[in-house]
Amino acid sequence: MKNRWLPGLALLLFSLIAVMSAPSRGGADGAAHVRWDIIHVDFSTLTLSAGGRASAFANDQSSITLTGSGMFVAPAGDGKTSSAVTGGGTWETFDPGGRSTGSGTYSVTSLVGWTPAPGFLPPGFTDQIGDPTDTSPGLAVLRIAYSDGTAGILVLSCTFGGTPPAVFEGVTASKGFVDYWIRQEENFTDFHVR
């Protein structure tokens with residue numbers, strides 16, 4: 001009975017060693033330096049470029065439209081936050097009838113989390129934002145401050161060829177007490193990990 005916990009302990013230690021020795025993209029400290037963009041995709045030329053727009057809907061079909069880009073440093077390990085962030089963009093909210101209810105800018109205040117996903121930029125696409133070998137699908141959660149004094153969360157999710165279908169493409173956001181959780185189709189994001 002005393003030794004029943006030994007196999008479980010051995011498995012736990014083996015798992016920790018495997019995770020700690022796994023290679024990671026990032027700096028010498030294991031931190032990932034990540035550029036994020038809400039992008040425009042021109043399917044006629046298969047070109048990715050910065051400066052896109054993305055929208056999401058709230059429960060009552062009111063919506064928010066965002067532009068943006070920036071950088072963050074994601075410390076090694078899961079569940080770590082970071083204040084090493086830059087960037088932001090513009091926002092505009094609309095009522096369910098499509099009438100503007102406010103607009104301004106937002107800035108990123110901190111990284112809540114970053115997790116890269118499997119996948120690759122499909123052949124034939126041209127990435128005009130950064131080095132195509134640095135392109136990565138993944139999920140980033142950022143805290144943001146809006147120019148009207150409200151705060152929120154911006155979720156950026158990116159998929160490419162080979163990314164599991166459970167991963168979505170685009171953005172969702174919250175602003176104050178409203179969660180714009182229903183992403184609009186034809187929204188695109190991109191990450192570059194250095």
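The values are calculated or read from the model by the stated rules, or taken from the named source; none is laboratory data. All values reported here derive from a predicted model rather than from experimental measurement. Glycine gets a Cβ as well: all are built from the backbone with ideal geometry, and neighbour counts include every protein chain shown.
Here are the numbers for the structure shown:
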| item | result |
| --- | --- |
| From the options TRP114, TRP181, residue that is in contact (Cβ under 8 Å) with a residue 40 or more places away in the chain and buried (at least 21 other Cβ atoms within 10 Å of the Cβ) | TRP114 |
| Residue within the range 140-151 that is aromatic (Phe, Trp, Tyr), surrounded by fewer than 17 Cβ atoms within 10 Å (Cβ to Cβ) and either modelled with pLDDT of 95 or more or more than 15 Å from SER49 (Cα to Cα) (or both) present | no |
| Failed item, numbered, when VAL155 is tested on (1) modelled with pLDDT under 95; (2) buried (at least 20 other Cβ atoms within 10 Å of the Cβ) | (1) |
| Check on PRO122, in contact (Cβ under 8 Å) with a residue 12 or more places away in the chain and surrounded by fewer than 21 Cβ atoms within 10 Å (Cβ to Cβ) | yes |
| Residue count, the range 129-151 (criterion: touching a strand residue (DSSP E or B) at 6+ places or on another chain (Cβ under 7 Å) and outside any loop (DSSP other than H, G, I, E, B)) | 13 |
| The listed residue being modelled with pLDDT under 95, within 19 Å of GLY161 (Cβ to Cβ) and either surrounded by 15 or more Cβ atoms within 10 Å (Cβ to Cβ) or touching a Cys at 6+ places or on another chain (Cβ under 9 Å) (or both), out of ASP134, ASP37 | ASP134 |
| Residue in the range 60-81 that is at pLDDT below 95, in a strand (DSSP E or B), among the hydroxyl-bearing types (Ser, Thr, Tyr) and surrounded by 12 or more Cβ atoms within 10 Å (Cβ to Cβ) present | no |
| Residue in the range 94-107 that is part of a loop (DSSP other than H, G, I, E, B) and buried (at least 18 other Cβ atoms within 10 Å of the Cβ) present | no |
| Within the range 169-185, tally of residues that are more than 21 Å from LEU46 (Cβ to Cβ) and assigned to a loop (DSSP other than H, G, I, E, B) | 4 |
